[in-house]
Amino acid sequence: TQLLEQSPQFLSIQEGENLTVYCNSSSVFSSLQWYRQEPGEGPVLLVTVVTGGEVKKLKRLTFQFGDARKDSSLHITAAQTGDTGLYLCAGLYDKVIFGPGTSLSVIP
Amino acid sequence: EPEVTQTPSHQVTQMGQEVILRCVPISNHLYFYWYRQILGQKVEFLVSFYNNEISEKSEIFDDQFSVERPDGSNFTLKIRSTKLEDSAMYFCASSLTGNTEAFFGQGTRLTVV
């Protein structure tokens, strides 16, 4: 059974602050995705990381895949209120397996 | 941009009734999935479907559930006799291959009363 853990579960920060959320697993994944989900809507794919050690940047978001392909992090620089949402990491192992998510609240 | 579409967006049904949730995956994708998210909980895998048959299913996907691809475009999830605990958001997803990222629809909110 492939399980993904995410930390922290909840995060509330002021606009302009930086933050990092983490995704960990005991399993190796062929790739790992980060999704963002707003209430009542489906997960929206942000990025896919494939290679161990890979770093991808998407504007103020930086995603890193661990060397062993078991963990990943998402760093947001200068958070904005529009970043508020549920951030889900998901490992790909024949199907997408989701972590429990980090609920981010950015306060103006 | 291609997207996965789901209908209806919200369905209310009485306990014991059958419901069919509909999805139109991205047209050139070959793998199709259903996921469920109970309010406040994580997104859970239900079933994957490839080449007109189920390729994997979770323990949640019991005999009350079935999936079908009745034509070249639709992918449906049927719940034969709904229970209160089936109330959840149901997401359809599709991917090009079994090892590429999946794209999700906006979901169907199922409320069983």
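The values are calculated or read from the model by the stated rules, or taken from the named source; none is laboratory data. Source: prediction; values computed, not measured. Cβ placement follows ideal geometry from the backbone for every residue including glycine, while neighbour counts extend to all protein chains displayed. SASA here: full protein model, heavy atoms, side chains in, ligands and nucleic acids out. Shrake-Rupley method; radii C 1.70, N 1.55, O 1.52, S 1.80 Å.
Here are a few things to note about the model shown:
- Just so you know, in region B:36-58 the residues that are among the aliphatic types (A, V, I, L, M) and part of a loop (DSSP other than H, G, I, E, B) include one that is nearest to the other protein chains (Cβ to nearest Cβ), and it is B:V43.
- Under the condition of being under 20 Å from B:E44 (Cα atoms), part of a loop (DSSP other than H, G, I, E, B) and either open to solvent by 20 Å² or more (accessible area, probe 1.4 Å) or of a type in the set (V, I, T) (or both), the residues counted in region A:28-61 number 6.
Residue-wise test of (1) over 27 Å from B:G40 (Cβ atoms); (2) touching a helix residue (DSSP H, G or I) at 6+ places or on another chain (Cβ under 6 Å); (3) of a type in the set (A, V, I, L, M).
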{"site": "A:L11", "(1), (2), (3)": "no, no, yes"}
{"site": "A:L19", "(1), (2), (3)": "no, no, yes"}
{"site": "A:G40", "(1), (2), (3)": "no, no, no"}
{"site": "A:P43", "(1), (2), (3)": "no, no, no"}
{"site": "A:V49", "(1), (2), (3)": "yes, no, yes"}
{"site": "A:G52", "(1), (2), (3)": "yes, no, no"}
{"site": "A:G82", "(1), (2), (3)": "no, no, no"}
{"site": "A:K95", "(1), (2), (3)": "no, no, no"}
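- Of residues in region B:88-113 being open to solvent by 40 Å² or more (accessible area, probe 1.4 Å) and over 20 Å from A:D94 (Cβ atoms), the one nearest to the other protein chains (Cβ to nearest Cβ): B:Q106
- Here B:E85 fulfils each of the conditions (1) within 14 Å of chain A (Cβ to nearest Cβ); (2) within 30 Å of A:F10 (Cα to Cα) apart from (1).
- Condition broken by B:R80, with the remaining ones in (1) open to solvent by 10 Å² or more (accessible area, probe 1.4 Å); (2) facing chain A (nearest Cβ under 8 Å) satisfied: (2)
- Evaluated against (1) at pLDDT below 95; (2) open to solvent by 20 Å² or more (accessible area, probe 1.4 Å), A:T20 falls short on exactly one condition, (1).
- Number of positions in region A:62-102 that are closer than 23 Å to B:S55 by Cβ, open to solvent by 10 Å² or more (accessible area, probe 1.4 Å) and assigned to a strand (DSSP E or B): 1
Here is a yes/no grid of residues against (1) under 30 Å from B:Q6 (Cα atoms); (2) of a type outside the set (V, I, T); (3) without any contact (Cβ under 8 Å) to a residue 40 or more places away in the chain; (4) facing chain B (nearest Cβ under 10 Å):
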residue: A:V28; (1), (2), (3), (4): no, no, no, no
residue: A:Q33; (1), (2), (3), (4): yes, yes, no, yes
residue: A:R36; (1), (2), (3), (4): yes, yes, no, no
residue: A:L45; (1), (2), (3), (4): yes, yes, yes, yes
residue: A:V49; (1), (2), (3), (4): yes, no, yes, no
residue: A:K57; (1), (2), (3), (4): no, yes, yes, no
residue: A:R60; (1), (2), (3), (4): no, yes, yes, no
